[in-house]
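The values are calculated or read from the model by the stated rules, or taken from the named source; none is laboratory data. Nothing here was measured: the structure is a model prediction, and the numbers come from that model. Ideal geometry is used to build each Cβ from the backbone, glycine not excepted, and the neighbour counts take in all protein chains shown. Accessible surface areas use protein heavy atoms only, side chains included; no ligands, DNA or RNA. Shrake-Rupley method; radii C 1.70, N 1.55, O 1.52, S 1.80 Å.
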Amino acid sequence: MVASDKLFAGSIPEIYDRFLVPLIFEPYARDLARRLAQATPGNVLETAAGTGVLTRAMASILAAEARIVATDLNQPMLDRAALSSGDGRIEWRQADALALPFTDQSFDAVACQFGAMFFPDKVLAYKEARRILRPGGRFLFNVWGPISDNEFADTVTDALAVLFPHDPPRFMARTPHGYHDVQLIRQELDAAGFTAVSIDTVDHRSKAPSPREPAIAYCQGTPLRNEIEARDASGLEAATQRATEALSRRFGTGAIEGRIQALVISASRG
């Protein structure tokens, strides 16, 4: 992982929330929230909360007395999340998942929506999640499957490789879609002390009203933007247009849809 992979700032949070959240995140947020609700937790810690799509899904399904502390490394993402939620049960707090500012055994559950791929030391992050869980507490998170099984991201990545042949931007393949080895995930959770690990593969269909929306989502609403602008400071619109054209060729020029795939992981503190 390069340093820019973790930088969600500037206009990225707003574009991410407007375009990428409905494109790929919402169905998995609902799925993870449903799984979490089965454990009827009284208080939940969320790490890597981003702009709050999972936070809102959990708040809509958990008991009225449940409390959610939603954290993220990037304060601009939390600022965006707080704009769209007036739920008093939610506390938004900047925090590093590798050094959580909470006491031992203080939460019933920990949830993380598509954040584990960004952790530079995943075992340490998992140990921190286990540390703040009460005995019997659950850790639920999801990660993206291979980029080849996530068709919009794959198409955009290939298009930018043609635009920048000598130094192709690889953010999407390297980080969001770079952590899907089931055996490795199990080993790292085991090293952190978790038990009863289960991993499900969950497919959905990603839908957009036109190819332009996914192109904006990926090129301008993720740290892929940082890579594009590092190669050509004035080339963001050209890259977005190149991605739009590639998506049009593969999926059509009207409303489009493509496959997305993720792994959903559940583990117990024991």
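Computed over every Cα-Cα pair of the stretch 129-264 and binned at 10 Å starting from 0, the pair-distance distribution P(r) comes out as 12, 36, 27, 17, 8, 0 percent. Applying D = kT/(6 pi eta Rh) to the stretch 186-236, where Rh is the Kirkwood radius over alpha-carbon pairs, T corresponds to 4 °C and eta to 1.567 mPa s, the Stokes-Einstein value obtained is 89 µm²/s.
Determine the calculated [θ] at 222 nm for the chain from helices alone, applying -39500 (n - 2.57) to every DSSP H run no shorter than 4 residues and normalising by the residue count; nearest 500 deg cm²/dmol. Estimated from H runs of four or more residues: -11000 deg cm²/dmol.
Oblate is the label for the stretch 206-270, because the ratio a/c of its alpha-carbon gyration tensor axes (a ≥ b ≥ c) is 1.5 or higher and a/b is not greater than b/c. Each of Leu98, Gln38, Thr51 was scored by the projection of its Cα onto the charge dipole of the stretch 1-101, and the greatest displacement toward the positive side belongs to Gln38; charges sit on the C-beta of Lys, Arg, Asp and Glu.
Taking other residues whose beta carbon is less than 13 angstrom from the beta carbon of Gln187, and scoring Lys, Arg as +1 and Asp, Glu as -1, yields -1. Which shape class applies to the stretch 7-135: rounded if a/c is under 1.5, otherwise prolate when a/b exceeds b/c and oblate if not, where a ≥ b ≥ c are the square roots of the Cα gyration tensor eigenvalues? It comes out oblate by the Cα gyration axes.
All other residues whose Cβ lies under 12 angstrom from that of Asp203 are scored, Lys and Arg at +1 and Asp and Glu at -1, for a net of -2. Here the Gaussian network model covers the chain, with springs between Cα atoms less than 10 Å apart; of Ala48, Ala64, Ala161, Ala64 fluctuates the most. Computing the accessible area with a 1.4 Å probe over protein heavy atoms, can you report the carbon and sulfur percentage for the chain? The C+S portion of the solvent-accessible surface of the chain is 49 percent.
In a reduced charge model with +1 at each Lys and Arg Cβ and -1 at each Asp and Glu Cβ, the chain shows a dipole moment near 480 debye about its Cα centre.
For the chain, the per residue solvent-accessible surface stands at 40 Å², with DNA, RNA and ligands left out and a 1.4 Å probe.
For the chain, find the longest principal axis of its Cα atoms and tell me its angle to the long axis of helix 151-163, 0 to 90°, nearest 10. For helix 151-163, the angle is close to 50 degrees. For the chain, the share of DSSP beta bridges that are antiparallel, to the nearest 5, is 50%.
Which translational diffusion coefficient, to the nearest whole µm²/s, is obtained for the stretch 47-201 from the Stokes-Einstein equation, given a Kirkwood hydrodynamic radius over C-alpha pairs, 37 °C and 0.692 mPa s? Rounded to a whole number, D works out at 194 µm²/s.
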